[in-house]
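K.L.:
One structure follows; several queries about it will come next.
The values are calculated or read from the model by the stated rules, or taken from the named source; none is laboratory data. Quick caveat: nothing in here was measured; it's all calculated off a predicted structure. Cβ: placed from backbone, ideal geometry, glycine included. Neighbour counts: every protein chain shown. Protein only, heavy atoms only, side chains kept; ligands, DNA and RNA dropped before computing areas. Shrake-Rupley method; radii C 1.70, N 1.55, O 1.52, S 1.80 Å.
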Amino acid sequence: MSVKPITSHSQFISLMMEEGKTVIVDFVSERCPQCKAIAPTFHELASKFSSDKVEFYIIDAEKLDDVSFEVGGITSYPTFIAFKDGNKMEESTFGAVRERLQKFVEKHCLP
């Protein structure tokens, strides 16, 4: 599976309503060089860890500012948030550090 875009507030809400699922979301900005630098790693981890219980998404936080506001306000990019059963589990803003992203994803994807 791959990283899927979230393109509307209603799509985001629908994802949050799904039970038994972990959703990892990358909040980005088109103008963010770190977002572009870490994107291949995020896609690689999505390919490795996606399943019927774990899904990966990307949101342009500036275009969907209502979603950014709803999750507590995104103030730096990239911001990674893990949700489980619609609840925010963890938020991380570590920039384009591959090892930290991998640890973040593994923490929320491995049993």
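K.L.:
Of the heavy-atom accessible surface of the chain (probe 1.4 angstrom), what whole percent is carbon and sulfur?
P.N.:
Working: 3130 of 5940 Å².
After summing per-atom areas, the C and S share lands at 53 percent.
K.L.:
Mind counting lysine pairs for me in the stretch 1-101? Cα separation below 13 Å, and the two need to be 8 or more apart along the chain or on different chains.
P.N.:
Values: Lys21/Lys53; Lys21/Lys84; Lys21/Lys88; Lys53/Lys84.
Taking the stretch 1-101 as the scope, the lysine pair count is 4.
K.L.:
Please give the direction-averaged projected area of the C-alpha convex hull for the chain, in square nanometres with one decimal.
P.N.:
Values: hull surface 24.0 nm².
Value for the chain: 6.0 nm².
K.L.:
Looking at the chain, what % of its DSSP beta bridges pair antiparallel, to the nearest 5?
P.N.:
On the way: 11 of 20 bridges.
Looking only at bridges with both residues in the chain, the antiparallel portion is about 55 percent.
K.L.:
For Lys107 and Thr93, calculate 0.36 nm times their separation in residues minus their Cα-Cα distance, and state this gained length in nm to one decimal.
P.N.:
3.5 nm
K.L.:
Contour minus end-to-end for Glu19 and Asp85, with contour as 0.36 nm per residue of separation and end-to-end as the Cα-Cα distance?
P.N.:
Working: separation 66, 0.36 × 66 = 23.76 nm, distance 0.46 nm.
Result for the pair: 23.3 nm of gain on full extension.
K.L.:
Additional query: Taking a Cβ-Cβ separation under 4.7 Å as the criterion for a possible partner, which cysteines of the chain have none?
P.N.:
When partners are defined as cysteine Cβ atoms under 4.7 Å apart, the chain leaves Cys109 without one.
K.L.:
Along its principal axes, what span do the Cα atoms of the stretch 59-111 show, with the longest given first and each in whole Å?
P.N.:
Cα spread of the stretch 59-111 along its principal axes, largest to smallest: 32, 27, 14 Å.
K.L.:
A further question follows. Return the calculated 222 nm mean residue ellipticity for the chain, to the nearest 500 deg cm²/dmol, obtained by summing -39500 (n - 2.57) across DSSP H runs with n ≥ 4 and dividing by the residue count. Please list the in-between numbers first.
P.N.:
Numbers: 4 runs with 44 residues, N = 111.
Helix-only estimate at 222 nm: -12000 deg cm²/dmol.
K.L.:
Give the relative contact order (percent, whole number) for the chain; include only Cα pairs under 8 Å separated by 6+ residues. Intermediate values should be presented prior to the final figure.
P.N.:
Values: 181 pairs, mean separation 40.7, N = 111.
Normalised by residue count, the contact order of the chain is 37 percent.
K.L.:
Would you kindly work out the equivalent ellipsoid of the stretch 30-72 from its C-alpha gyration tensor and give its semi-axes, the square roots of five times the eigenvalues, largest first in whole Å? Kindly include the intermediate steps, with their values, before the conclusion.
P.N.:
Details: eigenvalues 92, 53, 8 Å².
With the √(5λ) rule applied to the stretch 30-72, the semi-axes are 21, 16, 6 Å.
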